[in-house]
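Below is one structure, written out as structure tokens; the observations come after it.
The values are calculated or read from the model by the stated rules, or taken from the named source; none is laboratory data. Small disclaimer: the values here were computed from a predicted structure and weren't measured. Cβ: placed from backbone, ideal geometry, glycine included. Neighbour counts: every protein chain shown. The accessibility values were calculated without ligands, DNA or RNA, using every heavy atom of the protein model including side chains. Shrake-Rupley method; radii C 1.70, N 1.55, O 1.52, S 1.80 Å.
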Amino acid sequence: PPAPLPGGPEPAPAAPQITAAPQARPDQRTQEPPAAVPARRQESPPPVLRPSSAAVPVREQQQSVPPQGPVGWAQQVHQLAAGEPGPWKPPPADDFFAMAAQAQGRPAPLGRRLGARLIDWAVLGTAVGAVAAPLWDKSVDHIDAKVERARQSGQTVTVWLLDGTTGMYLGIVLAVLLVGGVLYEALPTALWGSTLGKKLFGVRVLDIESHDKASFGTALRRWLVNAVLGVLGIGVLNVLWCLFDRPWRQCWHDKAARTFVASAKG
């Protein structure tokens with residue numbers, strides 16, 4: 001400010017200057033500053049490593065190098081652990097070894113099958129006969145008593161051989177036959193593929209598709225068909241059917257169960 005003159009009045013103080021702040025426009029008030037970009041987005045992507053044509057796996061390098069000299073024991077063990085073929089291990093898709101593995105699935109000779117069947121019939125028949133013999137005597141006594149009462153009555157009476165008493169005896173015999181067949185035929189066939197007779201003559205029952213032991217359901221169906229045909233009186237024809245069947249030499253119960261009798265000794 002100017003200096004005061006001598007003897008004159010003092011100058012009035014200067015009024016303060018008020019500067020108006022610039023007003024922001026409405027669009028600028030609501031606009032927020034842009035968020036900071038994360039640092040990881042600004043980072044450059046990692047370089048892509050491309051395999052070089054000169055890089056070869058170690059295993060391929062070992063296979064490409066021709067063997068020099070005889071293969072040592074340590075190298076043979078390493079190849080065996082790695083699953084590589086060797087002179088001791090045949091190729092997995094070799095047809096010769098596949099046929100040799102299924103050689104046990106050839107149909108058994110008919111003579112051995114007949115011998116095994118006779119033994120099985122004898123064993124099972126002995127067990128059933130031990131129960132049926134006393135019941136047979138009781139049935140005969142029961143029928144004789146009915147005939148005697150009819151004679152004493154002096155009337156014409158029809159005497160039925162099969163009634164409640166004899167029917168019960170027959171049911172007991174059939175139940176013993178069924179249970180004995182399950183325990184002697186079906187169960188051993190499912191567990192070991194053979195019964196006592198088949199074991200002695202070196203034959204066994206196999207599934208026709210898998211050439212493996214039959215399941216319990218299959219063995220049970222095989223035995224039931226065989227037993228029913230025997231009760232109906234055509235069991236002999238069922239057994240003789242294998243003489244004409246080709247190529248698996250199946251009987252009717254084998255066809256029903258999709259099994260065949262194979263040689264256990266190859």
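Details
- Flag: Thr195 does not match the condition of being of a type outside the set (Gly, Ala, Ser) and farther than 28 Å from Trp252 by Cβ.
- Residues (at pLDDT below 95 and open to solvent by 40 Å² or more (accessible area, probe 1.4 Å)) located in the range 225-236: Val228, Gly230, Val231, Leu232, Gly233, Ile234, Val236
- Subset tally (residues that are part of a helix (DSSP H, G or I) and either within 45 Å of the chain's Cα centre (by Cα) or modelled with pLDDT of 90 or more (or both)) for the range 150-175: 12
- So Ala262, is it in contact (Cβ under 8 Å) with a residue 24 or more places away in the chain, touching a Gly at 6+ places or on another chain (Cβ under 7 Å), over 30 Å from Ile143 (Cα atoms) and open to solvent by less than 30 Å² (accessible area, probe 1.4 Å): yes
- Output for the range 201-210, where each listed residue is in contact (Cβ under 8 Å) with a residue 60 or more places away in the chain and surrounded by fewer than 14 Cβ atoms within 10 Å (Cβ to Cβ): none
- Residue list for the range 182-198, restricted to those being free of Cβ contacts under 8 Å to residues at least 40 places away in the same chain and either surrounded by fewer than 17 Cβ atoms within 10 Å (Cβ to Cβ) or more than 34 Å from the chain's Cα centre (by Cα) (or both): Leu183, Leu187, Leu191, Trp192
- Verdict on Ala116 being surrounded by 14 or more Cβ atoms within 10 Å (Cβ to Cβ), more than 18 Å from Asn226 (Cα to Cα) and modelled with pLDDT of 95 or more: no
- Annotation note: Cβ proximity below 7 Å between a residue of the range 166-181 that is closer than 14 Å to Val231 by Cβ and open to solvent by less than 40 Å² (accessible area, probe 1.4 Å) and a residue that is at pLDDT 95 or above and of a type in the set (S, T, N, Q) (sequence gap 6+ or interchain) occurs for no pair.
- Any chance Phe244 is open to solvent by 70 Å² or more (accessible area, probe 1.4 Å), touching a residue at least 12 places away in the same chain (Cβ under 8 Å) and of a type in the set (Phe, Trp, Tyr): no
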